[in-house]
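Just so it is clear, none of the values below were taken in a lab; they were calculated from the coordinates. Since this is a predicted model, take the numbers as computed values, not measurements. Glycine gets a Cβ as well: all are built from the backbone with ideal geometry, and neighbour counts include every protein chain shown.
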Amino acid sequence: MAIAKFVLVNAKIKLSILENTPDFSSILHHIAKHITLTEPEKELFISMLRLKKVKRKQLIEQPGFVSTHRTYVVEGAFRAYLVSPDGQEHTLSLAVDDGMIGDPGSFLLQEPATLFVEAIEASTIIQWSYENEQLLLEKIPQFSLAMMRRAQQIAVTIQRRVIAQLSLSAEERYDEFAQNHPLLLQRIPLYIIASYLGMSREFLSKIRKQKTTLKK
């Protein structure tokens, strides 16, 4: 009887450990889009990851503090924004499931951040530290390729946004956003989308109302 109880307790402990083991499959799939890691390299990478829960409206980065971690969004939504001297918020980037978010300048240069990074929804994230990234770059040569491709994607996105701001009307910018990011329209509050597109919430509401009227 005592042996049976021991086996049962031992099984429960193993089950508890299994249930509490973080699932890093999403970040591995994300990295696999850019590079192929060997099993030992995957194990090294996973050993440096931390899974965290973030509450809605919680800041994970803010001006004046150095960005110490890369952040991958497993599930949820985030925005990175700055506040101008007149108090206006300007959203620079958005990220939802399987995206990355942060203040890249602060992280790469290890200088105080200029951006706020805020959870728009209750979210689950995976992070790794700046120190561990340097180790990954040393131990896994391909990892630098993944980070380079990530940087290239950011550069292209920034270029397209600047061109859109300079050459498209507010309505055209909204149409382009709606066409390319329909999921974000469903999940991101209107005032944040307006901030991202460089217009007031009231003006964006007017554009959306006009389009709704035309469809009737």
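Summarising the amide proton neighbourhood of Gly99: residues at separation of 5 or more, or on other chains, whose placed amide H is nearer than 5 Å comprise Val73.
Evaluating 6.51 cos²θ - 1.76 cosθ + 1.60 at θ = phi - 60° for every residue in region 32-41, the Karplus couplings come out as 5, 5, 10, 9, 10, 9, 6, 4, x, 5 Hz, glycine and proline recorded as x.
Each residue in Ser167, Ser67, Ser93 was given a count of other beta-carbon atoms within 10 angstrom of its own, and listing them fewest first yields Ser167, Ser93, Ser67. Put in line by how crowded their Cβ is, counting other Cβ atoms within 10 Å and starting with the fewest, Ser169, Ser129 read Ser169, Ser129. Per residue of the chain, the DSSP helices (runs of n ≥ 4 H) give a summed -39500 (n - 2.57) that works out to -17000 deg cm²/dmol at 222 nm. How many percent of the alpha carbon pairs in the chain exceed a separation of 20 Å? Result: 66 percent of Cα pairs exceed 20 Å. Of interest is the spacing of the C-alpha centroids, which for region 80-96 and region 116-141 amounts to 21 Å. Less than 5 angstrom separates the built amide H of Gln58 from those of Ala119, all sequence-distant by 5 or more or on a different chain. Using only alpha-carbon positions in region 126-169, the gyration tensor eigenvalues give semi-axes of 32, 11, 6 Å once each is multiplied by 5 and square-rooted (largest first). With the simple model of a label 7 Å out from the Cα in the direction of the Cβ, Lys209 to Asp175 spans 2.1 nm. Within straight-line reach of Lys139, meaning a Cα separation under 14 Å, sit the following aspartates and glutamates at least 8 residues removed in sequence or on another chain: Glu39, Glu41, Glu43, Glu131.
The three principal axes of the Cα atoms in region 23-139 give end-to-end lengths of 51, 28, 21 Å, sorted in falling order. Amide H to amide H, with H built 1.01 Å from N, Ala113 comes under 5 Å of Gly64, Phe65, Val66, Ser67, counting only residues 5 or more places away or on other chains.
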